[in-house]
Structures are given as C-alpha cells and as structure tokens.
Amino acid sequence: MTSKPNFPGMNPYLERPDIWSQIHYGLISGLMRTLNPVLNPKYRAAVDKRVYLDSVLVGIPDTTVIQQTPNRTTTSTSAAVLSQPERVAVPMLEEVTERFLEIREVATRDVITVIEVLSPKNKRSGEGRSQYLKKRQTILNSKTHLVEIDLLRSGESMPVQGGCKADYQILVSRANERPPAERYPFDLREPIPVFLLPLSAADVEPAIDLATLLEQAYQEAALDLVVDYSMPPEPALSENDMAWLDTLR
C-alpha cells in the first residue's frame, strides 16, 4: 500500500464518509482532552449530542449493502408476457447521532462557546442540514460564541456574507461582535489555520491547532491500515489538484 503523502494541511482522504465519522469523533474527543487541562477550573469542555432521523438515501450513505437479485421462476397458464421492472431504491430512515463540544462556565453552568465540526449530512439537503441550521441560528441569536469547523469539500457551505471561495473554512463567531465574524478560509494546498477559542472577556484564549488534533485522530483510529493512497480520494479532486497530489506521492 502506498505510504501517506506529506500533506501541507488537510488530508483529502479523510473526507470519505465512512472514514470521516471516525475523524469527527476523534476531533471532538481530542478537543475535549486538550482543552480541559487549560480551561479548568473556571471552564469545563464537555461533549453533547443531537439525535435525529434521516434518510439513508439522501447524499452518500455511510455504508452500502449490495444484494444479489434472486432468480425468480414463474409458472402461468396465461399467454401474457411479464413486464420488466426498473430497479429503484426505497428511502429508509436511520437514527443519526452528531456530537459537538460545549465550553461551560463551572460556577454558572452557562454555555460560553459551542464547537461544531460539520458532517456530510450537515452540508446536503435533508434533515441533517435542517437540524443543524436551526441549532446554528439559535446559537447566533444567543450570548454564546460559535466555532464552526468545515473540513469537507463537498456539499453546500454554511451561510455567511462575504468572504472568498475556499475548499475549507473555520468560522469563529463571537457573541459580542455579531454580525461580523472571523473566518479562516484555506485550500487543500495550504496549512490548516491556528485560531483562538473565544471565551469570556479578559480570559486568556487558548490556541486551537487542528492539524495536530487531526493527526492524533488519524493515528488513534489506525486509519493508515484502511486508507489506500494509491487510489484517488473520495470525493474526487479537480484535475489540477489531482496532478498536485501526484507530486506528493
């Protein structure tokens, strides 16, 4: 198996839906483990979740099951010829659990900051996006800071006004500065930006190094055993980015 290329920033192979679910979990739990020693005792970072039902046929399912169509034999005394049906898929609902991180003030239990790492379901039409946009707007209407991390090239980006087009972005929306927000756009060939975690006024804000946390999540999930770097990544890259990737192999 081809060894892992030396990516300057985001590893596009981690965006594959079945792999991303493991990276998503690793990032959220890694943020919690990294932040608590820095934030305690005034604040506490804790994982929370939202649960909803969504169709497995909306976008790309996490897993695909292919079954062979059994041969059917019929007996009939009629001279009628059987019609040939087309094969379709029936939408099925699955329970989806998405985890995010809350920074709470220990004394008041107030939620100071919410950290969201977007999933593929958040970026395509359906219940996942609807649920997330509703939660997002609730936060933006509150006194809670929002950190929104989008490390997925595919799908529709979350709404913002202004800014340049980019493969990925990190949005830091400070409650006391809205509607303006801090946006960190970056492309596949660029390093992942380091940013400050917003807290209450006068507090020292810790720097978040996502690149290190991504690498930790990759190692902890032993993804080097399942990622085949000799194949093109999924979702596909542009022709120019694919040519650039070949220079890293």
Taking the stated definitions as given, is Arg104 of a type in the set (Lys, Arg) and in contact with an Asp or Glu (Cβ under 9 Å, 6 or more places away or on another chain)? yes
Inspect all residues belonging to segment 115-126 and state whether any of them is modelled with pLDDT of 90 or more and over 21 Å from Asp54 (Cβ atoms). yes
State whether one or more residues within segment 228-249 are charged (D, E, K, R), touching a residue at least 60 places away in the same chain (Cβ under 8 Å), part of a loop (DSSP other than H, G, I, E, B) and more than 29 Å from Ser130 (Cβ to Cβ). yes
Run down Leu213, Leu199 and say which single residue is outside any loop (DSSP other than H, G, I, E, B) and under 21 Å from Asn40 (Cα atoms). Leu213
Any residue in segment 232-244 that is acidic (Asp, Glu), open to solvent by 30 Å² or more (accessible area, probe 1.4 Å) and in contact with a Gly (Cβ under 8 Å, 6 or more places away or on another chain)? no
Residue by residue through segment 74-95, note down the ones that are modelled with pLDDT of 90 or more and open to solvent by less than 70 Å² (accessible area, probe 1.4 Å). none
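The values are calculated or read from the model by the stated rules, or taken from the named source; none is laboratory data. The structure presented is a predicted model; accordingly, all values stated were derived computationally and were not measured. Ideal geometry is used to build each Cβ from the backbone, glycine not excepted, and the neighbour counts take in all protein chains shown. Surface areas here come from the heavy atoms of the whole protein model, side chains and all, with no ligands, DNA or RNA. Shrake-Rupley method; radii C 1.70, N 1.55, O 1.52, S 1.80 Å.
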